[in-house]
1. Go through (1) open to solvent by 30 Å² or more (accessible area, probe 1.4 Å); (2) assigned to a loop (DSSP other than H, G, I, E, B) and name the single condition ALA55 misses.
2. State whether one or more residues within the stretch 85-102 are among the hydrophobic types (A, V, I, L, M, F, W, C), part of a helix (DSSP H, G or I), more than 16 Å from the ligand (Cβ to nearest atom) and over 16 Å from PHE28 (Cα atoms).
3. Looking only at the stretch 77-114, which residues are among the aliphatic types (A, V, I, L, M), within 12 Å of the chain's Cα centre (by Cα) and open to solvent by less than 40 Å² (accessible area, probe 1.4 Å)?
4. Would you check which residues across the stretch 13-39 are of a type in the set (Val, Ile, Thr) and more than 13 Å from the chain's Cα centre (by Cα) and list them?
5. Which members of the stretch 1-51 meet the condition of being of a type outside the set (D, E, K, R), surrounded by 14 or more Cβ atoms within 10 Å (Cβ to Cβ) and more than 12 Å from the ligand (Cβ to nearest atom)?
Amino acid sequence: MPYDPDNVFARILRGEIPSDRVYEDDEFVAFRDIAPQAPTHIVVIPRGVPPTSPAGLRDEDAGWLGRMLVRASRIAAGAGLDADGYRLVMNCGVHGGQSVAHLHLHILGGRQLDRLG
Ligand code: AMP
């Protein structure tokens, strides 16, 4: 799937669409999800043109992807989620329920989430 430079997260990065940002640095931006699925629902995205989904990841993406995971854990801690826990989710494609084709990580917390199995 080619990267669409007008996808909603690309537009958020360019400041064309407002977002409730909770963190940003030169690699990542994190903002509150517009349709939260939990009391705290934050989306972490890489700047630039990342793979559209986890399916597009390559070996050379391991560095920034690892930093994104570490950053997400810090953001979750900053949001007060450490004590009771939280979930990190990365959706992929149709069966994964992905709706925005700019790789991203969800942080969900603030309530008891359903077990996966
Ligand atoms: P996914 O379904 O995994 O692709 O996640 C995309 C997420 O982006 C969904 O949870 C949407 O609610 C969220 N979203 C879409 N548009 C916006 C927006 N303008 N600001 C914040 N979150 C958004």
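The values are calculated or read from the model by the stated rules, or taken from the named source; none is laboratory data. Since this is a predicted model, take the numbers as computed values, not measurements. Here the Cβ is made from the backbone with ideal geometry for all residues, glycine too, and neighbour counts use every protein chain on show. Surface areas here come from the heavy atoms of the whole protein model, side chains and all, with no ligands, DNA or RNA. Shrake-Rupley method; radii C 1.70, N 1.55, O 1.52, S 1.80 Å.
1. (2)
2. Looking through the stretch 85-102, none of the residues is among the hydrophobic types (A, V, I, L, M, F, W, C), part of a helix (DSSP H, G or I), more than 16 Å from the ligand (Cβ to nearest atom) and over 16 Å from PHE28 (Cα atoms).
3. Let us first name the residues in the stretch 77-114 that are among the aliphatic types (A, V, I, L, M), namely 77, 79, 81, 83, 88-90, 94, 100-101, 103, 105, 107-108, 113.
Now narrow it down to the ones that are within 12 Å of the chain's Cα centre (by Cα): 88-90, 100-101, 103, 105, 107-108.
VAL89, VAL100, ALA101, LEU103, LEU105, ILE107, LEU108 - these are the residues of the stretch 77-114 that are among the aliphatic types (A, V, I, L, M), within 12 Å of the chain's Cα centre (by Cα) and open to solvent by less than 40 Å² (accessible area, probe 1.4 Å).
4. Filtering the stretch 13-39 down to residues of a type in the set (Val, Ile, Thr) leaves 17, 22, 29, 34.
The answer is ILE17, and nothing else.
5. TYR3, TYR23, PHE28, THR40, PRO46, PRO50, PRO51
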